1. I need the full set of residues from the stretch B:178-197 which are in a strand (DSSP E or B), more than 14 Å from B:R235 (Cβ to Cβ) and at the interface with another protein chain (Cβ under 7 Å from one of its Cβ atoms), in order please.
2. Any residue at all in the stretch B:234-252 that is surrounded by 21 or more Cβ atoms within 10 Å (Cβ to Cβ), within 12 Å of chain A (Cβ to nearest Cβ) and more than 20 Å from the chain's Cα centre (by Cα)?
3. Return yes or no: is A:D385 at pLDDT below 95 and closer than 18 Å to A:I369 by Cα?
4. Say we look at the stretch A:442-453 and pick out the residues that are assigned to a helix (DSSP H, G or I) and within 11 Å of chain B (Cβ to nearest Cβ); which of these is surrounded by the fewest Cβ atoms within 10 Å (Cβ to Cβ)?
5. Take A:F228 and tell me if it is more than 30 Å from A:T386 (Cα to Cα) and more than 16 Å from ligand 3 (Cβ to nearest atom).
6. Take the residues in the stretch A:45-82 that are in contact with a Ser or Thr (Cβ under 9 Å, 6 or more places away or on another chain) and acidic (D, E), then tell me which one is nearest to A:I161 (Cα to Cα).
7. Which of (1) within 14 Å of ligand 2 (Cβ to nearest atom); (2) more than 8 Å from every other protein chain (Cβ to nearest Cβ) is the odd one out, the single condition A:F327 does not satisfy?
8. Which condition breaks for B:L226 when tested against (1) assigned to a strand (DSSP E or B); (2) within 16 Å of ligand 1 (Cβ to nearest atom); (3) in contact with a Lys or Arg (Cβ under 7 Å, 6 or more places away or on another chain)?
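The values are calculated or read from the model by the stated rules, or taken from the named source; none is laboratory data. The model shown is predicted, which means the values in this text are computed figures rather than measured ones. Backbone-built Cβ (ideal geometry, glycine too); neighbour counts: all protein chains shown.
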Amino acid sequence: MTIAIPPSDNQHAERLQPTGWLRYFSFSVDHKVIGLQYLVCGFIFYLIGGLLAGAIRIELTSPISDFMPRDVYNQVLTLHGTIMIFLWIVPVVNGAFGNYLIPFYVGARDMAFPRLNAVAFWMIPPAGLMLISSYFITGAAQSGWTAYPPLSITTPAAGQIIWILSVLFLGGSSIFGGINFIATILKMRRPGLKLMQLPMYCWAMLGTSILVVLSTPVLAGTLILLSFDIVAHTGFFNPSMGGNAVVYQHLFWFYSHPAVYIMVLPAFGLVSEILPVHCRKPLFGYVTMVYSIMAIVVLGLVVWAHHMFTSGTPPWMRLFFTIATSFIAVPTGIKFFNWLATLWGGRITLNSAVLFSCGFILNFVFGGITGVALAQVPFDIHVHDTYFVVAHFHYIVYGGSVFVIFASIYHWYPKFTGRMLNEDLGRLHFLLTFVGFNLCFAPQHWLGLYGMPRRVAEYDPQFAFVNQLSSVGALLMAISTLPFLFNVVQSAFKGRIAGDNPWNALTPEWLTSSPPPVENWTGEAPLVTEPYGYGVPADQLDLAATSGRDLWTNGQ
Amino acid sequence: MVLVLGGLWIGQNVNLLPVDASANASVYDELFRVLFSIGAILFLGILGVLVFSLIQFRRRSGQLGDGLAIEGNLPLEIFWTAVPAFVVLFVGLYSFDIYDRMGGMAPLSHSAHDHHSMVAGEEVWGGIGSSSSQSGSETGLLPVPIEVTAMQFAFLFHYPKEDIMAGELHVPAGRPVSLKMEAKDVIHAFWVPEFRIKQDVIPGQPTVLNFTPTKPGRYPIVCAELCGPYHGGMRSTVVVEDPEDFDTWLTNNTKAPVSEA
Ligand code: HEM
Ligand SMILES: [Cu+2]
Ligand SMILES: [Cu+2]
């Protein structure tokens, strides 16, 4: 268990780590095992977070607080938010797919620091269990995933402290992961592979990891100060001790706005891998894609106060953050136009992976439009902290990131297992998710505009019908998980054998067996200089298949 | 073209907002319609392109080859960088004009509406109409000063001149009102959806909110910042009255100050 063979060693050596299914429960240092550990672990937390969401939607079917006590409601919504962000989306779009794919993409046999990688993963289950068990032992935190003081200082201390501890662990895990990705992408590239030849997901992960490394320590510091305020009665953020409550919000959002990009930039990268394969076309505008990722990273660091337009912010700050936030829409827009251009003129296979990716495009565009509206101070002053904001970020985080996670599972499942998923169940899953999602969240825009604040257990009876509609959508979303779960389990045993490269893809993870051997390739790693070399150049249309562009070369 | 007209039509004709009951509400609604029109055009356009591509370029049975190898198109990419940049710049400037007209940038105000800010004795940390020391007004009406205290889980309103305490906010229609707000315990937020304004009420950091109610009626005051278990129940009412009724209410209450709950 403790002896890991250095990645450069002979790939046929007898391994001391468990090799069967047991290795998924071990301290494995194989990046592929760790990736799948992240994925499955994240999905289990997703189901738990989903149950909590169900509890919230049940409470909200009636305008009075009747399903659970009010303080329990606040615990539930705090746990829901924290679990979905820190235990599902961040670990899965970064940890799961990042660990599985990045070493392939750079032509390495493992991550730069395999053992740090395993440590980073194994910090997650205990932190998650601690967070959830706090509900049963002391009562969970009640101040929302944002934990604004003084509320977080005055609500029961035990739950809040456990919340802080587990978020610190999860943040630590995420920093370890980020360092590892940066090192792997910059230093572990196969000789001959240039940066501008990397698949787009590497760029997305590079950008994301920079954000992680720059901003997560700020969150950690802030939460430590907050915990001092709670246990040692210091006065950093506590106005009754001479502290300043708004400073916490600045520090918190300095991390948490980048955090939303930590959740969505990797998803952008994954979509950039999926679409070209199934459209049989090169990714449109590689270079502008790279620059827009970097622009998003830079701008993403200077827009945090758009979450604080109604806090005590002076007018100049409101002006600056409105403009900065609006401009994020430009690089983001470039990426969407590039994806549309990738679809244009392709030979698109309408399978589940593509459907989920296109669902992502639609949902995210919608969420981006409401986002630009929210960036406008006068607009935001009305809808801040209402269901409009809830709708906005669910369009982004669920309609964006979660849709992409599903698309990626449909795309890479054959690689993970060597078997195909059932397409009919996949399309059913997409249909139910898409309809349920929109039914659940689209009406919430109206709720917010019309006067329903967020994080409430009781509300004005005039909103009852629309809330019930939204709950029906949530029910559909819950049901949509069933065909998916059934599909994933059943196909693992009975699915059609996929072969090494069922999609005829060119990126390096497909140029090995499915599932891949322990050190990724039995021979030398292939040099892929044009990961998106699909398609027929216009002047060669008739030469088609073989002579087309066999653009990856093996060996030197 | 159809798209633009359609988007404009949607923007102008779909109404998603409650009645506008303050001077800045109608200004806000103007902004909302502009944003909504632009958003609708963009969204419908992208929806159209996406659906068209999925239908037109789907793989039909028997097609085995790849699509066209188009790797990029610089003029096109410049085009769709420049246009959104221009649009967001326009939106940003326009919304600042709107914000200005709502009184948010009070010192720069060249607004036709009555907006007043109070001369704050102590430091005021934020809000609308707070940054200015201007006191003159086009209509010659001085703002009605009211002090708001928020606590778990209620708002209290204090009329300093008459020394009235009330649990409901009474304000005269057509006269500017200036709220000075502070919280006792945790952060709350004062929101009147029909006025389209919201401001956090923060312990230790007074904030101000200036507005001019226009339509008499009773509107909800909602706490919009999570403040504890009864956050959802933390609601109150603002009563906008004709100035005469307001004055009667003031005099009635000055004699025997009662706090209504
Ligand atoms: C087009 C770019 C975007 C813009 C202009 C934008 C703008 C905004 C603004 C101004 C708010 C504050 C609303 C308020 O609290 O009053 C907000 C909230 C939020 N946004 Fe976005 N957004 C964008 C994209 C994203 C992305 C990509 C994500 C995540 C993946 C995201 C996730 C969130 C979340 C989670 C919140 C709410 C946080 C909370 O209060 O709990 N947004 N967005
Ligand atoms: Cu943000
Ligand atoms: Cu409150």
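1. Just the residues of the stretch B:178-197 that are in a strand (DSSP E or B), to begin with: B:178-183, B:188-192, B:197.
Still in the running and more than 14 Å from B:R235 (Cβ to Cβ): B:178-183, B:197.
B:I197 - this is the single residue of the stretch B:178-197 that is in a strand (DSSP E or B), more than 14 Å from B:R235 (Cβ to Cβ) and at the interface with another protein chain (Cβ under 7 Å from one of its Cβ atoms).
2. no
3. Working: at pLDDT below 95: yes; closer than 18 Å to A:I369 by Cα: yes.
Considered against the rule, which asks whether it is at pLDDT below 95 and closer than 18 Å to A:I369 by Cα, A:D385 comes out as yes.
4. To start, the set of residues in the stretch A:442-453 that are assigned to a helix (DSSP H, G or I) comprises A:442-450.
Among the residues that remain, those that are also within 11 Å of chain B (Cβ to nearest Cβ) are: A:443, A:445-450.
Numbers: A:P443: 19, A:H445: 21, A:W446: 16, A:L447: 23, A:G448: 24, A:L449: 21, A:Y450: 19.
Within the stretch A:442-453, the match that is surrounded by the fewest Cβ atoms within 10 Å (Cβ to Cβ) is A:W446.
5. On the way: more than 30 Å from A:T386 (Cα to Cα): yes; more than 16 Å from ligand 3 (Cβ to nearest atom): yes.
Judged against the criteria, A:F228 is a match.
6. A:D71
7. (2) is the only condition that A:F327 fails.
8. Condition (1) is where B:L226 drops out.
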